[in-house]
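Beneath this line is the structure, given in structure tokens, with notes to follow.
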Amino acid sequence: MNKGLARFGATILDADGHRLSADEKALFADVNPFGFILFARNIDTPDQVRALCDDFREAVGRNAPITIDQEGGRVQRLRAPQWREWVPPMHFVQAAGADAAEAMYIRFRLIAHELYALGIDSNCAPMVDVPCPDTHDFLYNRCYGLDARHIALMGQAANDGMLAGGVLPVIKHIPGHGRATADSHFELPRVSASREDLDRVDFAPFKALRDTPMGMTAHVVYDAIDSAPATLSPRMMGVIREDIGFDNLIMTDDISMKALTGSLSDLSRQAIAAGCDVILHCNGTLAERAEVAEAAGEMTEAAQRRALRALSYRQRPDDIDIPALDAQLKALLGEGAHG
């Protein structure tokens with residue numbers, strides 16, 4: 001593979017540190033990943049993050065999308081004192097009460113402002129999983145409420161705020177991680193709910209937000225539909241594409257998470273064969289990144305069309321007074337609006 005080919009590599013890859021090594025630059029130039037993702041280990045100062053984003057794009061010779069997990073609460077890679085701290089989404093929405101949709105829009109417009117200023121133009125949010133009383137703690141307070149319809153409204157507000165700020169949202173974890181009682185970072189969750197309940201509750205926010213530019217899969221088994229996790233299941237991908245109606249770009253959740261068993265190359269090939277467009281690989285060695293990129297190959301024609309459609313949502317941020325927006329949020333929620 002080389003970056004002169006028309007199609008992107010079917011991967012989103014990460015880096016080890018604050019700047020790219022020569023070996024990382026060479027790998028990215030060779031495999032031409034669709035995009036990149038940042039983690040806390042990649043974050044030091046605003047100037048350093050901007051320089052790293054430039055490194056990524058120079059390596060592939062184009063304006064590749066760069067994403068991050070900036071939900072607020074436990075899952076946020078940009079932290080104080082350089083950037084805003086946010087309370088967990090569940091607590092934030094509850095505190096906002098009747099003003100929750102407006103507050104969520106502002107929250108994610110401010111997040112987008114911080115990301116865009118660094119050269120980051122995508123965010124792995126909104127997370128519209130619907131929790132239940134047994135939802136695992138790793139997920140519960142990251143949710144936007146308790147009711148599917150309300151969660152969809154919060155997710156739409158988050159989408160609108162990010163898009164207005166020039167940042168592409170990634171809806172997750174499609175088709176729904178909320179009933180999982182296990183942490184998919186470490187083991188494979190199984191959901192035993194009926195198909196009727198899944199359609200009515202879990203899948204509903206994703207159907208409502210099916211026009212989101214990108215989505216991320218759930219490493220979860222839905223017993224009523226298939227015995228394989230959604231990421232690796234052609235049947236589940238059919239549900240996502242046809243029943244939920246999500247026809248935009250789908251990336252896997254991190255392919256190296258312990259919920260999935262097998263070699264990285266086999267898992268990558270299985271996910272692409274199931275219908276995922278892009279393999280997200282995080283927290284591995286350079287050799288593992290190369291292994292995933294080789295197995296994933298280039299995007300299919302359909303995946304490339306979805307990728308280009310996702311990128312077409314990119315726009316310059318709207319002209320807005322950020323200090324005034326910050327003050328508006330504080331007026332809605334009080335001085336503890338951010339954290």
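Just a few scattered comments:
- Members of the stretch 119-141 that are more than 21 Å from Ala193 (Cα to Cα) and surrounded by 22 or more Cβ atoms within 10 Å (Cβ to Cβ): Ile120, Asp121, Ser122, Asn123, Cys124, Ala125, Pro126
- Taken over the stretch 83-111, the criterion of being in contact with a Leu (Cβ under 7 Å, 6 or more places away or on another chain) and small (Gly, Ala, Ser) is satisfied by Ala95, Ala96, Ala101, Ala103.
- Subset of the stretch 283-319 [surrounded by 12 or more Cβ atoms within 10 Å (Cβ to Cβ) and not in a helix (DSSP H, G or I)]: Asn283, Gly284, Gly297, Glu298, Met299, Thr300, Tyr313, Arg314, Gln315, Pro317
- Among (1) in contact (Cβ under 8 Å) with a residue 60 or more places away in the chain; (2) in contact with a helix residue (DSSP H, G or I) (Cβ under 6 Å, 6 or more places away or on another chain); (3) within 21 Å of Val239 (Cα to Cα) - the single one Gly176 does not satisfy: (1)
- If you go through the stretch 302-329 and keep only what is free of Cβ contacts under 8 Å to residues at least 60 places away in the same chain and closer than 22 Å to Ser233 by Cβ, you end up with Ala302, Arg306.
- Residues that are closer than 24 Å to Pro169 by Cα and surrounded by 15 or more Cβ atoms within 10 Å (Cβ to Cβ), drawn from the stretch 19-43: Phe28, Asn32, Pro33, Phe34, Gly35, Phe36, Ile37, Leu38, Asn42, Ile43
- For the stretch 98-209, the helices (runs of 4 or more DSSP H) that sit wholly inside it and include 2 or more residues that are over 18 Å from Arg74 (Cβ atoms) and of a type outside the set (Gly, Ala, Ser) are 100-118, 148-164, 204-208.
- Residue list for the stretch 234-246, filter: closer than 24 Å to Asp69 by Cβ and in contact with a helix residue (DSSP H, G or I) (Cβ under 6 Å, 6 or more places away or on another chain): Met236, Met237, Ile244, Phe246
- Selection count where residues are assigned to a helix (DSSP H, G or I), over 15 Å from Ile120 (Cα atoms) and touching a strand residue (DSSP E or B) at 6+ places or on another chain (Cβ under 8 Å), scope the stretch 28-55: 2
- Criterion: modelled with pLDDT of 95 or more and at positive phi - qualifying residue of Gly17, Gly35, Gly61: Gly61
- When residues in the stretch 56-97 are screened for being of a type in the set (Val, Ile, Thr) and assigned to a helix (DSSP H, G or I), 2 of them pass.
- Of all residues making up the stretch 52-82, the number that are surrounded by 15 or more Cβ atoms within 10 Å (Cβ to Cβ) and more than 25 Å from Ala310 (Cβ to Cβ): 1
- Failed condition for Leu267, given (1) in contact (Cβ under 8 Å) with a residue 60 or more places away in the chain; (2) assigned to a helix (DSSP H, G or I): (1)
- Filter result for the condition that a residue is among the acidic types (Asp, Glu), farther than 24 Å from Ala98 by Cα and in contact (Cβ under 8 Å) with a residue 12 or more places away in the chain, over Asp147, Asp160, Asp121, Asp129: Asp121
- Screening the stretch 143-158 for residues that are of a type in the set (A, V, I, L, M) and under 14 Å from Tyr105 (Cα atoms) and picking the one that is nearest to the chain's Cα centre (by Cα) gives Ala158.
- The set of residues in the stretch 213-253 being free of Cβ contacts under 8 Å to residues at least 40 places away in the same chain, under 19 Å from Met127 (Cβ atoms) and of a type in the set (Asp, Glu) is empty.
- Residues that are hydrophobic (A, V, I, L, M, F, W, C) and more than 21 Å from the chain's Cα centre (by Cα) were ranked within the stretch 178-200; the one that is surrounded by the most Cβ atoms within 10 Å (Cβ to Cβ) is Val191.
- Taken over the stretch 270-282, the residue count meeting the criterion of being in contact (Cβ under 8 Å) with a residue 60 or more places away in the chain and either assigned to a helix (DSSP H, G or I) or crowded, with 20+ Cβ neighbours inside 10 Å (or both) is 6.
- For the stretch 123-134, the criterion of a residue being under 27 Å from Gln82 (Cβ atoms), in contact with an Asp or Glu (Cβ under 9 Å, 6 or more places away or on another chain) and aliphatic (A, V, I, L, M) is satisfied by at least one position.
The values are calculated or read from the model by the stated rules, or taken from the named source; none is laboratory data. Note that the coordinates shown come from a computational prediction; the quantities given were computed from them, not determined experimentally. Counting neighbours? That spans all protein chains shown, and the Cβs are built from the backbone with ideal geometry, glycine included.
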